[in-house]
Amino acid sequence: MWIAVIPACNEAASITTVLRHLQACHCLARLLVVANGCTDATEENARQAAAAQEDAGSKNTGQEKAGQIEILSFPEPLGIDIPRAVGAAYAQKKYHPLGIVFVDGDLIGNLTVPVRNLINGLKQGLDLALTDCYPDEAPHSALAASVLKARETLNKQLKLDTKIGLATPSHGPHAISASLLAQLPPQVLAVPPLALAFAALHHYKIGVAATIAHDLLGSKIRSNDHAAKIAATIIADCKLALAYATGTTWPEVLAACTHSEGLMGYQKQRRFDLLNAFLDNF
């Protein structure tokens, strides 16, 4: 069984399209929407998509339909990347999948082929399958260039630069094998560059399995302030992963994720408390 985890916070305009593209993969048994802090129709639209799927399959033999939609609902925002950790922990414990693909709920680009390629990457032996989102040329903005520099520094430290270039689980769809998922602490999964460092340091197989240009991901156009905060978050995450890769202990890194002074991105909005409560009670 292969499962997709789709974090979604106020993605009413895109969630139906994302689900439709994932259903078209015909290789995902479950599409797990982690709806959190939604004040729009995200959950309603996801449930309508699930109901339409049930109606379409009602004339079949009664077997479970591929790409069945399931919704995990949280009234409070979980913060950036925490939903993927929640979804992965839930899917692992309930379904024991062969692997999980992560696709953000605002990516309306047609990711059907890249997702298939990510799963094929796992089938061929990768434990962390990544997407190259800059296959043709470097980005033009200085902000994007600063993010890529941080990614490059981390990947070189991990001795992955010749294998994956500038790819990272912070950007684009990616997939994790069951064997890596079983060893990866959920809190690490909530900080994508840390998950990359963890996989590298524990000698898991990492590679690029899919390619799609950043502009074709179809991510929502947001404000310049949001772009700056996302950049600051990824850069800080890469620095934390770099510290972890060079000997800083995981408790120290976790503390730095939320309590460091001078954080300019979205790190402090990561609700590790809600993640830990979910893990304790699930």
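The values are calculated or read from the model by the stated rules, or taken from the named source; none is laboratory data. In this text the structure is predicted, and so the values were computed from the model without any measurement. For neighbour counting, all protein chains shown are included, and Cβ atoms are generated from backbone atoms with ideal geometry for every residue, glycine included. These accessible areas exclude ligands, DNA and RNA; they are computed on the full protein's heavy atoms, side chains included. Shrake-Rupley method; radii C 1.70, N 1.55, O 1.52, S 1.80 Å.
Spin-label model, Lys94 to Ala213: label points 7 Å out along the Cα-to-beta-carbon direction sit 3.8 nm apart. The count of lysine pairs in the chain whose Cα atoms are under 14 Å apart, excluding pairs fewer than 8 places apart on the same chain, comes to 6. If r is the Cβ-Cβ distance from Ser179 to Glu152 and R0 is 30 Å, what FRET efficiency results, to the nearest 0.05? Rounded to the nearest 0.05, the efficiency is 0.60. Across the accessible surface of the chain, with the other protein chains kept in place and a 1.4 Å probe, carbon and sulfur atoms take up 53 percent. Compute the label zone of Ala66 within the stretch 12-36: residues whose backbone N is under 17 Å from the point 7 Å along Cα-to-Cβ. Label zone hits: 19-32. For the stretch 154-217, the solvent-accessible area of protein heavy atoms averages 38 Å² per residue (probe radius 1.4 Å; ligands and nucleic acids excluded).
Relative protection proxy for 161-168, 68-75, from highest mean packing down: 161-168, 68-75 (other beta-carbon atoms within 10 angstrom). Based on every Cα atom in the stretch 145-282, Rg and the maximum pairwise Cα distance Dmax equal 15.0, 42 Å. Modelled this way, with points 7 Å down the Cα-to-C-beta line, the labels at Asp225 and Gln124 are 4.4 nm from one another.
Taking a ≥ b ≥ c as the square roots of the Cα gyration tensor eigenvalues, with a/c under 1.5 meaning rounded and otherwise prolate when a/b beats b/c, else oblate, which class fits the stretch 1-107? The shape class here is oblate. Here the calculated FRET efficiency for Ala255 and Glu44, from their Cβ-Cβ distance with R0 = 41 Å, stands at 0.60, rounded to the nearest 0.05. Rounded if a/c is under 1.5, else prolate if a/b beats b/c, else oblate: with a ≥ b ≥ c from the C-alpha gyration tensor eigenvalues square-rooted, which is the stretch 106-216? Since a/c reaches 1.5 but b/c is at least a/b, the shape of the stretch 106-216 is classed as oblate.
Across Asn224, Asn110, Asn120, mean-square fluctuation computed from a Gaussian network of the chain (C-alpha pairs under 10 Å connected) peaks at Asn224.
Under the simplified labelling scheme, the Asp161-Lys268 pair shows an inter-label distance of 3.4 nm, with each label point 7 Å from Cα along Cα→Cβ. Quick one: grab the alpha carbon gyration tensor of the stretch 167-242, order the square roots of its eigenvalues as a ≥ b ≥ c, and give me rounded if a/c is under 1.5, else prolate or oblate depending on whether a/b is larger than b/c. Oblate shape, in that a/c is at least 1.5 and b/c is the bigger or equal ratio.
Measuring max minus min along each principal axis, the C-alpha atoms of the chain give extents of 56, 38, 37 Å (largest first). In the complete set of protein chains, residue-level accessible area for Ser177 is approximately 10 Å², probe 1.4 angstrom.
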